[in-house]
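The values are calculated or read from the model by the stated rules, or taken from the named source; none is laboratory data. Remember, predicted model here, so these are calculated numbers, not experimental data. Don't worry about glycine lacking a Cβ; one is built from the backbone with ideal geometry, like all the others, and counts go over all protein chains shown. Just the protein is used for accessible areas: all its heavy atoms, side chains included, with ligands, DNA and RNA removed. Shrake-Rupley method; radii C 1.70, N 1.55, O 1.52, S 1.80 Å.
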Amino acid sequence: MNAAALTDAAKKFLKVKIVNKNYDVIVVGSGVAGLYCALNLKPDAKVLLLCKRQLTLSNSSLAQGGVAAVIDEENDSIASHQNDTLIAGGFKNNPDSLKLLVTKGPEEVRKLIDYNVDFDRDGNGNIHMTLEGGHSKPRILHHKDCTGREIVEKLIEAVKKLPNVTIMEDTMVCDLKKSAHGFSVDTLHVKENRREEYSAHFCLLATGGIGRVYKYTTNSKIATGDGIALAYRIGAKIKNLHLVQFHPTAFNNSNTRECFLISESVRGEGAYLLNCNKERFMDRYDERLELAPRDVVSQAIIKEEARTGSYKFYLDITYKPADFIRNRFPMIYQNLLKEGYDMTKDLIPVYPCQHYLMGGIDVGLHSETSIDGLYAAGECSHTGVHGNNRLASNSLLEALVFSKQAALDINEKLSGNLPEIIPYNFPIQTDPKPLPPGTRTEVRAIMQKAHFVVPNPAEALRGFERLRELKHFLDDGNFEVTPDFIEARSLTTVAYLMLKEMI
Ligand SMILES: Cc1cc2nc3c(=O)[nH]c(=O)nc-3n(C[C@H](O)[C@H](O)[C@H](O)COP(=O)(O)OP(=O)(O)OC[C@H]3O[C@@H](n4cnc5c(N)ncnc54)[C@H](O)[C@@H]3O)c2cc1C
């Protein structure tokens, strides 16, 4: 079939699958991990970069606080960054990957400056570094309180200049298969409802987190664990999916699914955490007070809720100068104003919610998965750097360091003579049915009961049995391939795997 001869309308009408578009590398994801990998691949590598919605819609774009790295070795040290990460992670971190993170991190963060990322500076023109919970030194580089958006925009600008990278937005990977000498992906071009297949010698999954498996999360709507589910289905090793981080201070608004984050750096700059009686209470639970790591603060809130009988908690930064607050936290300030709160004068209502996944597709030091040629980086991967709990601002760093590791490894392999890929032949569906509504809602309700801040073993067991049924229903049914179906199947698979590890 000659694809070029078909008009878009004809393609849609005929539901034609255009096969055999081959690349060297397929990168799935346009967050920091996907973009940075693309930038570090050889300029003569033919790269396809896919993302399921707009390029900028990702958890990376939502990152507020910043990126942690030791760039001031006079006042800080790699050993101290390593130690803080170990303490936050309960000493369960993988020592080799952690060493790589903290030693290579500063170099990659400096490269961001070469890509024109505009980190805030002090009056002397030096990069301003802030403090966040769990860090013993101020080592967080930031762009006001919207660091992620700044980094993503600058990296997109750079990737768009690369002639070897083809970018496809609104292109969702529905299925991934190992083919002879590479990988094939079945994709849905969401806007045109058109399916296409692509193949490559190497594939990097950089598909981000799983937040949408919960009712309340800080994560973007793309965070449905697709990459983890795709990797699991072709037999890649998945590890520590039960290690979920709950951020202690999301804006407490139960009307929306995506809870706006009140960044750690607000506490880093001195905000107090108050209970329903407007009293500070962290001294009951941890000597580091408001700057204890996230799991400690989240659990303290849940315990304080049990003690007081109220879920009302607040952040108070009103004692700082109003100009400082508006200038240091412009995005948070504006978002809160829209909700009717002026953070220079009002207490901010907060409550924990799902924020980050420490586990994921298990990878080695080159971001290689257990399947030859398949790589994973960023939040969908498990490098082991975070141990049981991620230290604030270490995940952008992990995405940078480990996506580069993947690129370097792929570059080396691309230098050899590679055999031609024989694409996998995806079967064409006949008479698929629409997915009945309600799957995602049910999965979210199960997870909220089974594993929110403090795990509930009885609910986990009950939830697991139901998720097993749902997973079979979705895997074995002949459903129309729509974004809703793909994401419902991913969420179910991920939730099933999370609870399986817990029971
Ligand atoms: C509110 C918030 C604040 C945060 N603040 C910080 C911070 O200050 N510092 C820090 O270090 N970390 C922070 N984090 C965490 C950090 O932002 C993320 O862990 C990190 O950016 C993840 O990057 P990523 O590239 O792995 O994934 P993402 O940036 O989430 O990108 C995932 C990409 O995968 C694509 N994708 C997914 N599924 C498919 C599919 N099936 N087909 C095609 N494409 C697909 C998406 O379209 C998207 O482009 C924050 C997170 C949130 C939610």
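Taking amide hydrogens as modeled 1.01 Å from N in the peptide plane, which residues meet the under 5 Å criterion relative to Tyr375, leaving out close sequence neighbours?
Result for Tyr375 returns Cys203, Leu204, Leu205, Thr369.
What net charge do the residues around Lys178 carry, taking every other residue with its C-beta under 15 Å from that of Lys178, with Lys and Arg at +1 and Asp and Glu at -1?
So the environment of Lys178 carries a net charge of -2.
Exposed loop sites here are trypsin sites (Lys or Arg not before Pro) in DSSP loop states with at most 10 other C-beta atoms within 10 Å. What is the longest stretch of the chain lacking them? Could you put the intermediate results ahead of the total?
Numbers: sites that count: Lys161, Lys191, Lys345.
The longest such stretch corresponds to 1-160.
For Lys433 and Leu365 in the same chain, what is the full-extension length gain: residue separation times 0.36 nm, less their Cα-Cα distance, in nm?
Computed gain between Lys433 and Leu365 is 20.2 nm.
Counting only helical runs of four or more DSSP H residues, what would the 222 nm mean residue ellipticity of the chain come to if each run contributes -39,500 (n - 2.57) and the total is spread over all its residues?
Helix-only estimate at 222 nm: -11500 deg cm²/dmol.
Ignoring any ligand, DNA or RNA, what whole percent of the accessible area of the chain comes from carbon and sulfur when the probe is 1.4 angstrom?
Numbers: 10030 of 20230 Å².
Heavy-atom surface of the chain belonging to carbon and sulfur, 1.4 Å probe: 50 percent.
Could you tell me the distance between the Cα centroids of region 223-256 and region 304-345, to the nearest Å?
What the calculation gives is 27 Å, centre to centre.
Using the 2.2 N^0.38 Å rule of thumb for compact globular proteins, work out how the chain stacks up: its C-alpha Rg over that value, please. Present the calculation step by step, with values, prior to reporting the outcome.
Details: Rg = 22.6 Å, N = 503, 2.2 N^0.38 = 23.4 Å.
Dividing the Cα Rg of the chain by 2.2 N^0.38 Å gives 0.96.
If the label point is 7 Å along Cα→Cβ of Glu339, which residues in region 305-322 have backbone nitrogen under 16 Å from it?
311-318
Kindly list the residues of region 39-83 that lie in the label zone of Thr103, defined by a backbone N under 18 Å from the point 7 Å along the Cα-to-C-beta vector.
69-73, 77-83, by backbone N distance to the label point.
With Cβ to Cβ distances under 14 Å as the rule, what net charge do the other residues near Gly133 carry (K, R +1; D, E -1)?
Around Gly133, the surrounding residues sum to -2.
Just subtract the alpha-carbon distance of Arg468 and Met331 from 0.36 nm times their residue separation and send over the number in nm, one decimal.
Values: separation 137, 0.36 × 137 = 49.32 nm, distance 4.12 nm.
Full extension from Arg468 to Met331 adds 45.2 nm.
Is there a quick way to get the dipole size of the chain? I mean about its Cα centre, with the Cβ of Lys and Arg at +1 and of Asp and Glu at -1; what is the value in debye to the nearest 20? Intermediate values should be presented prior to the final figure.
Details: 61 positive and 63 negative charges, 219 e Å.
It comes to approximately 1060 debye.
Each label point is 7 Å from the Cα along the Cα-to-Cβ direction; what then is the distance between the points at Asp484 and Asn456, in nm?
So the two model labels end up 2.8 nm from each other.
Order Val454, Val385, most accessible first, counting only protein heavy atoms with a 1.4 angstrom probe.
The ordering from most to least exposed comes out as Val454, Val385.
Name the residues whose placed amide hydrogens come within less than 5 Å of the amide hydrogen of Ile140, ignoring near sequence neighbours (fewer than 5 apart) on the same chain.
Excluding prolines and chain starts, which carry no amide H, the hits are Thr130.
What FRET efficiency, computed as 1/(1 + (r/R0)^6) with R0 = 30 Å and r the Cβ-Cβ distance, is obtained for Lys312 and Glu501, rounded to the nearest 0.05?
After rounding to 0.05, the efficiency reads 0.35.
Once amide H atoms are placed 1.01 Å from N in the peptide plane, what residues at a sequence separation of 5 or more from His451, or on another chain, have their amide H within under 5 Å of its amide H?
Correct list: Asn456.
Please report, in whole Å, how far the alpha carbons of region 203-359 spread along each principal axis, starting with the longest.
54, 33, 27
Rounded to whole Å and ordered largest first, report the semi-axes of the equivalent ellipsoid of region 439-502 derived from its Cα gyration tensor (root of 5λ). Please report the intermediate quantities before stating the final value.
On the way: eigenvalues 97, 25, 13 Å².
Each semi-axis is the square root of five times an eigenvalue, giving 22, 11, 8 Å.
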